[in-house]
Amino acid sequence: MSSWLYDRAVAGNVDIIDNRAKGVPCYDPGYTFVEKLQTISTKFRKQQADKSDPVGFMRHYYDVYELLQRKEVQDFIGTDAYKEHKQKRFRQGDNLNIA
């Protein structure tokens, strides 16, 4: 895991102090991917029902796009753990076949 801001500063030869956190446990990107899909499915279902305009809806599509660039997420898709996490996270009425 890295910092977008840190990476940009280094690429631009900006003299900065590296104060990024080290050794901090992070949430698994594969689980985050599933949860983003679930959020998209839920917000879409609700939007179709009440014609609302969910705030921040597009952000989840961007996050899914970025997560799909990661090999560990690509490798996670379709595994038993992936399917199990989808079963736990997706609400009744959500589309499990979203991805």
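The values are calculated or read from the model by the stated rules, or taken from the named source; none is laboratory data. Keep in mind the model is a prediction, meaning the values are calculated, not measured. No Cβ is skipped: glycine too gets one built from the backbone with ideal geometry, and neighbour counts run over all protein chains shown.
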Among (1) of a type in the set (Gly, Ala, Ser); (2) assigned to a helix (DSSP H, G or I); (3) free of Cβ contacts under 8 Å to residues at least 12 places away in the same chain, where does Ser52 come up short? (2)
Kindly provide the set of residues from segment 38-91 that are at pLDDT below 95, β-branched (Val, Ile, Thr) and exposed (fewer than 15 other Cβ atoms within 10 Å of the Cβ), ordered by number. Val55
Within segment 1-34, considering residues that are of a type in the set (A, V, I, L, M) and within 22 Å of Val64 (Cα to Cα), the one surrounded by the most Cβ atoms within 10 Å (Cβ to Cβ): Val34
Out of Tyr82, Tyr27, I need the residue that is hydroxyl-bearing (Ser, Thr, Tyr) and within 29 Å of Leu5 (Cα to Cα). Which one? Tyr27
